[in-house]
1. So which residues in segment 169-203 are in contact with a helix residue (DSSP H, G or I) (Cβ under 6 Å, 6 or more places away or on another chain) and modelled with pLDDT under 95, if there are any at all?
2. So which of 62, 69 is closer than 25 Å to residue 164 by Cβ, modelled with pLDDT of 95 or more, surrounded by 15 or more Cβ atoms within 10 Å (Cβ to Cβ) and in contact with a helix residue (DSSP H, G or I) (Cβ under 6 Å, 6 or more places away or on another chain)?
3. Those residues that are surrounded by fewer than 17 Cβ atoms within 10 Å (Cβ to Cβ) and either without any contact (Cβ under 8 Å) to a residue 40 or more places away in the chain or part of a helix (DSSP H, G or I) (or both), I need them from segment 20-51; list them, please.
């Protein structure tokens, strides 16, 4: 796991790696983890649509985020297809404690641009953590077809993480964006230490 820990810190910036037991727990709860993954993709698509609607005057943002809407929707369909192939059911959406706790850390009020910074940094962090977990699944899950399945998601999420962070630097200033990013990373590490490790959740 040492290489993965270094990679998560160096490439994604994450301060704390996922508990290595998570992959085994996720494999035991395969229907739940795939269902939660599907809803994560669905929510990502809707959040991107909301971002475009709110900040439609920011040309670069619209250009870069618009393709992500289609991509995340396509991911949702891919997960549904994988579940159907395995005879698994989507079920009801679960509460995402991880995302809700990140939202609590957002600074409210301020200008539209201030709120944009909070949203972009939050989205970048969610994508980074998703990327890290997809990587773990692609390396350690016993089902060979799921290894390949999650490798593709890992690559995609890495691109999204970089995009959101780049947009934060562009529109809010690099120094301000990176300062807030570091604050989120520190908070997220503390959050990971107090959250229960659950195999039925992607985060």
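The values are calculated or read from the model by the stated rules, or taken from the named source; none is laboratory data. Please read these numbers as outputs of a predicted model, since none were measured by experiment. Note that each Cβ is placed from the backbone with ideal geometry, even for glycine, and that neighbours are counted across all protein chains shown.
1. 197, 199, 200, 201, 202, 203
2. Working: 62 fails: surrounded by 15 or more Cβ atoms within 10 Å (Cβ to Cβ).
Selected residue: 69, the only one of 62, 69 that is closer than 25 Å to residue 164 by Cβ, modelled with pLDDT of 95 or more, surrounded by 15 or more Cβ atoms within 10 Å (Cβ to Cβ) and in contact with a helix residue (DSSP H, G or I) (Cβ under 6 Å, 6 or more places away or on another chain).
3. First, pick out the residues of segment 20-51 that are surrounded by fewer than 17 Cβ atoms within 10 Å (Cβ to Cβ): 20-21, 24-25, 27-29, 31, 43, 46, 49-50.
Hits for segment 20-51 are 21, 24, 25, 27, 28, 31, 43, 46, 49, 50.
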